[in-house]
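The values are calculated or read from the model by the stated rules, or taken from the named source; none is laboratory data. Bear in mind the structure is a predicted one, so any value in this text is a computation, not a measurement. Ideal geometry is used to build each Cβ from the backbone, glycine not excepted, and the neighbour counts take in all protein chains shown.
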Amino acid sequence: MVAKPLKIIADGHIWGVEAACAHLSGYDVDLCVLQPKDITPEAVKNIDILLTRTGTKVDASLLTGASVRFAGTATIGDDHYDKAWLDSHHIAWATAAGSSTGSVLEYMLAALLELHAQHKVDLSSMTLGVIGAGRIGGRLVDICRALGIKVLVNDPPRQRLEGDEGFVSLDELLAQSDILTLHTPLISEGKHKTYHLLDDVHLKSFQGKVIINAARGSCIDNIGLLAWMNHKQDAYVVLDCWENEPGVSSELLAHKQCVLATPHIAGHSLDGKAANTQYIYEALCDYLTIKPVWHMNNDLPDISFIHDKSLKCWSDLHAKVKQMYPIKQDHEALVACANLNSDDNIAKRFVYLRRHYPVRRAWDKQSLGLSKILKASCSGVYNESKA
């Protein structure tokens, strides 16, 4: 059987893309790996498949007149894809939604434990307000409740489908939560608009002291966020997602109450990036109606597995998580950018830190105890008085 020709352009920052594309049975693959800036209308004009990350906006300006018939993004977010335009031009598309869930959950727990260690919050007594309880937010709710943390949930789309039980309004959440964390997609308009969901008005009505954003940068009005911190000296933020990335606010970045600032890397564990590729590889195989035969685990490096001793208190958890993922190192690398002499240099450094992110492995590849916590199988309340 003669192999069918298949021309593919892929973003060079997609982990393992060469290995994945080498396993497309029945196809003679011509793969061209490019930097995002080189993925231009001219470059994609005569190709069949386009594989990208967030650095490439896939819309009419890129694909008009091109022969592309499948576009896949190795990312959870998809707001850089004009899905309506793609559908109207019969171009199949796929995302890696769900692939980095574990990595983002690890980031969230590392951030919460770091806040507790810095005495910004007390996880034993505070209330966590979760805005958006989908793949990530829903899992976070389960894990935090299993750890004995009180959680309130705001998710209007789920509430409409499932009923009022278990959900509160955004106003209630703002009034009753000590920490807010966002896990929503970016929706620019409509009934469930999330663009500037936390605007100046909502920020002023928030009665708690910590806001975490590991969703999309524009879900929070960053100018309003800066004003909120300036007005409230015991207010703190954890930001992995920023408005106008990579051109982030130097004032916000340098603010002493921005206690954890990271360059949009919550989902960037090595295992999470590998899963991104696995998802779009399998989606491409499905589109081509062939059986997927490549698996990321064949190409991931081995790692030593640590059997934990019992994790009985918050300080035990923090110490173990710090060993697995020292989130403060990511913070220190980014906040050093605030001293650069131009916004353009800050943006370039932000991109550099994302693209040259150090290897960070998933907890379930390293630690039995932390793997169980991510599965929300732990029980009981953690506190500092336990032995």
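Picking from 93, 85, which residue would you name as being part of a helix (DSSP H, G or I) and among the aromatic types (Phe, Trp, Tyr)? Break it down stepwise before answering.
Values: 93 fails: part of a helix (DSSP H, G or I).
So the residue among 93, 85 that is part of a helix (DSSP H, G or I) and among the aromatic types (Phe, Trp, Tyr) is 85.
Every residue in the range 20-51 that is exposed (fewer than 15 other Cβ atoms within 10 Å of the Cβ) and either among the aliphatic types (A, V, I, L, M) or more than 24 Å from the chain's Cα centre (by Cα) (or both), please.
Filtering the range 20-51 down to residues exposed (fewer than 15 other Cβ atoms within 10 Å of the Cβ) leaves 22, 25-26, 28, 30, 32, 35, 37-38, 40-42, 45-46.
Matches in the range 20-51: 22, 25, 26, 28, 30, 32, 38, 40, 41, 42, 45, 46.
With 152, 128, 140, 161 as the choices, which residue is among the hydrophobic types (A, V, I, L, M, F, W, C), under 24 Å from residue 203 (Cα atoms) and assigned to a helix (DSSP H, G or I)?
On the way: 152 fails: assigned to a helix (DSSP H, G or I); 128 fails: assigned to a helix (DSSP H, G or I); 161 fails: under 24 Å from residue 203 (Cα atoms).
Going through 152, 128, 140, 161 in turn, the sole match is 140.
Could you tell me whether residue 84 is farther than 19 Å from residue 42 by Cβ, touching a Lys or Arg at 6+ places or on another chain (Cβ under 8 Å) and not basic (Lys, Arg)? Before the answer, list the steps.
Numbers: farther than 19 Å from residue 42 by Cβ: yes; touching a Lys or Arg at 6+ places or on another chain (Cβ under 8 Å): no; not basic (Lys, Arg): yes.
So residue 84 does not fit the description; no.
For the range 203-216, name all the residues that are outside any loop (DSSP other than H, G, I, E, B) and either touching a residue at least 40 places away in the same chain (Cβ under 8 Å) or crowded, with 20+ Cβ neighbours inside 10 Å (or both).
Step one: filter the range 203-216 for residues outside any loop (DSSP other than H, G, I, E, B), giving 203-205, 210-213.
Once the filter is applied, which keeps residues that are outside any loop (DSSP other than H, G, I, E, B) and either touching a residue at least 40 places away in the same chain (Cβ under 8 Å) or crowded, with 20+ Cβ neighbours inside 10 Å (or both), the range 203-216 yields 203, 210, 211, 212, 213.
Residue 88 passes all but one of (1) closer than 30 Å to residue 49 by Cα; (2) touching a residue at least 24 places away in the same chain (Cβ under 8 Å); (3) of a type in the set (S, T, N, Q); which number fails?
(2)
Does the range 228-238 include one or more residues that are over 20 Å from residue 354 (Cα atoms), in contact (Cβ under 8 Å) with a residue 40 or more places away in the chain and surrounded by 17 or more Cβ atoms within 10 Å (Cβ to Cβ)?
Checked against the condition, which is being over 20 Å from residue 354 (Cα atoms), in contact (Cβ under 8 Å) with a residue 40 or more places away in the chain and surrounded by 17 or more Cβ atoms within 10 Å (Cβ to Cβ), the range 228-238 yields at least one hit.
Among the small types (Gly, Ala, Ser), assigned to a helix (DSSP H, G or I) and either more than 19 Å from the chain's Cα centre (by Cα) or more than 20 Å from residue 121 (Cα to Cα) (or both), is that true of residue 266? Walk me through how you get there before you give the answer.
Details: among the small types (Gly, Ala, Ser): yes; assigned to a helix (DSSP H, G or I): no; either more than 19 Å from the chain's Cα centre (by Cα) or more than 20 Å from residue 121 (Cα to Cα) (or both): yes.
No: the conditions fail for residue 266.
Give the number of residues within the range 239-266 that are surrounded by fewer than 20 Cβ atoms within 10 Å (Cβ to Cβ) and within 16 Å of residue 111 (Cβ to Cβ).
So the answer is 2.
Tell me, which residue of the range 52-96 that is modelled with pLDDT under 95 and acidic (Asp, Glu) is farthest from the chain's Cα centre (by Cα)?
79
Every residue in the range 180-209 that is hydrophobic (A, V, I, L, M, F, W, C) and closer than 13 Å to residue 154 by Cβ, please. Before the answer, list the steps.
Keep residues of the range 180-209 that are hydrophobic (A, V, I, L, M, F, W, C), which gives 180, 182, 186-187, 197-198, 201, 203, 206.
180, 182, 197, 198, 206, listed by residue number.
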